[in-house]
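All remarks here apply to the structure that follows.
The values are calculated or read from the model by the stated rules, or taken from the named source; none is laboratory data. Model, not experiment: these values are computed from the prediction. Here the Cβ is made from the backbone with ideal geometry for all residues, glycine too, and neighbour counts use every protein chain on show. Note: areas computed on protein heavy atoms with side chains; ligands, DNA, RNA excluded. Shrake-Rupley method; radii C 1.70, N 1.55, O 1.52, S 1.80 Å.
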Amino acid sequence: MRKEEIECIGVDVSKNTLDVALFRGKIDWNEGHVKVSNNESGYKELRKWLRLKNAEKKRLRICMESTGLYTHDFRSWLEKENIIYYVVDPKLMHHFAPPQSIKGIRQTKNDKADAFRIAIYCSLFHDSMEPSKLPSAAYFKLKRLLAERRQYVKQSVLYRQQLSDISIYDSVGSRIRKKNEVENLRDNIKQTDAEMKAIIDTDPEIRRNYELLISIVGVGLVVAVTTIVLTENFTTFTNPRKYASYIAIAPFPHESGTSIRGATRVSKQGFRQAKADLSISVLSAITFDPDIKEYWQRKKAEGKHTGCVLNAIKFKIVLRMFAVVKRGKPYVNTKGYKSNKKR
């Protein structure tokens, strides 16, 4: 299908509403926009509006930002209607500047303008984007359980800090209650872990990738599930460097003109929790993986900054995760295999 035959629609998704903008080479602020409810009745209204605009399904390309569960029902409807759609990282849209030839869009900031901005982005880049597909039900359950587990861990850390730092000022009853809370939270974490493992077993594709990931030294349940959730089981991210950039461990140069020549650094933006989870994986890898241990010792002997070396090891683990999934085979420690073979 020729590019001129494609019609791009941008959708600004919120919990209750969808702002929908049809872009046909120029912005029609009045006739090219509609606001509908983010539910079945709203989707029916959207279908009627598309018919009035003579927008055929086979020509449509719908683009939206990733807003988690708010997009779920809308994406389900699009798939039932066999409409091609894309879900993009909000950071891309945040930094996207429409061409100056398109008047008025840069100066306007509201839901309608955001929808047109997404539509313009879609018109420029849809050829290079992979159509999105809604993950399985198991994926969404894992996503919610992972969030629940993080809350338990956060609360547990808070109570343990209070018991350690200021317990001498608490009453006996207060200390007992806090210790009971820590125990309850520990049990909740164990139960959540068990439920995540049970759900993983119900989905063959997720189970396959999970087992491949945990074959890597240092990668356990939390890191494996986090990676599966953030990559939508390795469908939204297929390039390890892009994923590393997303979780803020990929280094970038810090330069501007001829006057600024800073050291290469990682971005402070990104999904920091995934980066923090990998810190535990790094410690385990340094201890039990011969390759990583040798790399750590060599770089430290060269005088490299500890943070830089740890970040490089995180990147190595990310590369291994994407490699095992791509190959479809568990990770093999070739260095350890060769050393054992010599014996």
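Add +1 for every Lys or Arg and -1 for every Asp or Glu among the other residues with Cβ under 10 Å from the Cβ of Asp12, and state the total.
Around Asp12, the surrounding residues sum to -1.
In the set (i) 24.3, 77; (ii) 20.4, 67; (iii) 19.5, 54, which value of Rg and Dmax of the Cα atoms in Å was calculated from the structure you see?
(i)
Mind jotting down the three principal axis lengths of the stretch 88-153 based on Cα atoms? Whole angstrom, largest first.
For the stretch 88-153, the Cα extents along the three principal axes come out at 49, 26, 17 Å.
Quick check: with the 1.4 Å probe, what order do Met321, Met129 take by accessible area, largest first?
Sorted by accessible area, descending: Met129, Met321.
Binning every alpha carbon pair distance of the stretch 1-109 at 5 Å from zero, what are the percents per bin?
Using 5 Å bins, I get a P(r) of 2, 10, 22, 26, 20, 14, 4, 0 for the stretch 1-109.
Given axes a ≥ b ≥ c from the Cα gyration tensor, I'd like to know whether the stretch 92-210 is rounded (a/c under 1.5), prolate (a/b larger than b/c) or oblate.
oblate
How many angstrom lie between the C-alpha centres of the stretch 47-91 and the stretch 150-171?
Measuring centre to centre over Cα atoms gives 46 Å.
Checking the a/c ratio against 1.5 first, then a/b against b/c, what shape does the Cα gyration tensor give for the stretch 1-53?
Here the stretch 1-53 falls in the prolate category.
Kirkwood hydrodynamic radius of the stretch 138-178 from all distinct Cα pairs, in Å?
Computed over Cα pairs of the stretch 138-178, the Kirkwood hydrodynamic radius comes out at 11.8 Å.
Taking a probe of 1.4 Å, how large is the accessible area per residue of the stretch 41-177, in Å²?
Normalised by residue count, the accessible surface of the stretch 41-177 is 59 Å².
Please express the Cα-Cα pair-distance distribution P(r) of the stretch 189-255 as a list of whole percents, one per 5 Å bin, running from 0 to the bin with the greatest distance.
In whole percents, the pair-distance histogram is 3, 16, 23, 25, 14, 10, 5, 2, 2, 1.
Counting only protein heavy atoms, what percent of the accessible surface of the stretch 79-208 is carbon or sulfur at a 1.4 Å probe?
50
Hey, any idea what Rg/Rh is for the stretch 165-214, computing Rh the Kirkwood way over Cα pairs?
For the stretch 165-214, the value is 1.35.
In percent, what relative contact order does the chain have, based on Cα pairs under 8 Å that are 6 or more apart in sequence?
Relative contact order here is 13 percent.
Enumerate the lysines that Lys242 could reach by cross-link, defined here as Cα to Cα under 18 Å, with residues fewer than 8 away along the same chain left out.
Once the sequence-local lysines are set aside, what remains near Lys242 is Lys91, Lys268, Lys275, Lys314, Lys316, Lys326.
Quick check on the chain: helices-only [θ] at 222 nm, where DSSP H runs of length 4 and up contribute -39,500 (n - 2.57) each and the sum goes over total residues. Nearest 500, please.
-18000 deg cm²/dmol
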